[in-house]
1. Name the residues in the range 52-83 that are open to solvent by 60 Å² or more (accessible area, probe 1.4 Å) and within 15 Å of the ligand (Cβ to nearest atom), would you?
2. For the list (1) part of a loop (DSSP other than H, G, I, E, B); (2) open to solvent by less than 80 Å² (accessible area, probe 1.4 Å); (3) within 30 Å of Leu9 (Cβ to Cβ), I need the number of the one condition that Pro183 fails.
3. Could you list, in sequence order, the residues of the range 141-165 that are in contact (Cβ under 8 Å) with a residue 40 or more places away in the chain, more than 14 Å from Thr92 (Cβ to Cβ) and open to solvent by less than 40 Å² (accessible area, probe 1.4 Å)?
4. Which of the residues that make up the range 186-218 are part of a loop (DSSP other than H, G, I, E, B) and either open to solvent by 100 Å² or more (accessible area, probe 1.4 Å) or closer than 30 Å to Arg24 by Cα (or both)?
5. Out of curiosity, is Met86 in a strand (DSSP E or B), open to solvent by less than 50 Å² (accessible area, probe 1.4 Å), of a type outside the set (Val, Ile, Thr) and within 30 Å of Leu175 (Cα to Cα)?
6. I'm trying to understand the selection: among the residues of the range 38-60, which are touching a Cys at 6+ places or on another chain (Cβ under 9 Å) and either modelled with pLDDT under 95 or within 18 Å of Asp118 (Cβ to Cβ) (or both)?
7. If a residue must be open to solvent by 10 Å² or more (accessible area, probe 1.4 Å) and near the ligand (Cβ under 10 Å from one of its atoms), how many such residues does the range 92-111 contain?
8. Quick one: would you say Ala25 is among the small types (Gly, Ala, Ser), in the same structural domain as Leu147 (by TED's automatic domain parsing), open to solvent by less than 60 Å² (accessible area, probe 1.4 Å) and assigned to a helix (DSSP H, G or I)?
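The values are calculated or read from the model by the stated rules, or taken from the named source; none is laboratory data. It should be emphasised that the depicted structure is a prediction, and the values quoted were computed from it without experimental measurement. Backbone-built Cβ (ideal geometry, glycine too); neighbour counts: all protein chains shown. SASA here: full protein model, heavy atoms, side chains in, ligands and nucleic acids out. Shrake-Rupley method; radii C 1.70, N 1.55, O 1.52, S 1.80 Å.
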Amino acid sequence: MRIDIITVLPELLKSPFEASILKRAIEKGLVEVHFHNLRDYTDKSYNQVDDYQFGGGAGMVLMIEPIDRCITSLKAERQYDEIIYMSPDGETLNQKMANGLSLLKNIVILCGHYKGVDQRVRDRFVTREISIGDYVLSGGELGAAVLCDTIIRLIPGVLNNETSALTDTFQDNLLAPPVYTRPSEYKGMKVPEVLLSGNFPKIEKWREEQAQKRTEKMRPDLLE
Ligand code: SAH
């Protein structure tokens, strides 16, 4: 998979891709992530990429021209499955969407800033708009990092134990059951006996029950 991220603040985005699972996925060649600084696509003085909004009002708007240049140059190189704009008014990201997006080959992620991007960018270039939740960030970069993390860990081969993503919370509309590791007793707190029993069908059944109970208690909406 190839991900091209368009941003005015590449430095805000880089570190999540330089550690842990995302770093390993890139090193293994399972995903390529490229950052494009919007300021490299303007010919205005001071690398200007934003301007005041028509009609007045506070807040700058990212201009269409540099975004057009950047997207057009990317599209000349390859076909993209989606041009995603990170936006608080987009579809709210969830596990099902992440599963679908992880199957794509090439995507562009456009990060907004200030008041967002000129509406004509959304009308003309963007194929999908994604929000990471009902709150407003100051830029699309942190949202793009969240989106990339959730997609990339689903690409086969990225997680060491491939089944581990399948047993995560939300994969079957259930929360994950509780997990424990050594020691089996700590300051009088014991690990549930069944997990130490070695009886795998019984353990599996216990985990299913716990997942069901936890979901009923904490996220009954998932069961509807
Ligand atoms: N004026 C806009 C908000 C702009 S916030 C509005 O009211 O809708 C600046 C940028 O941050 C946006 O262009 C978007 O790229 C990003 N952003 C803010 N909140 C976000 C969210 N919940 N999910 C994804 N991106 C978000």
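1. Tyr52, Gln53, Phe54, Gly55, Ala58
2. (3)
3. Passing the criteria: Glu141, Ala144, Ala145, Cys148, Ile151, Ile152, Leu154, Ile155, Gly157, Val158, Leu159.
4. Listed by number, the list holds a single entry, Lys187.
5. Spelling it out, Met86 is indeed in a strand (DSSP E or B), open to solvent by less than 50 Å² (accessible area, probe 1.4 Å), of a type outside the set (Val, Ile, Thr) and within 30 Å of Leu175 (Cα to Cα).
6. Leu38, Tyr41
7. Count: 2.
8. Yes; evaluated as a whole, the condition is true for this residue.
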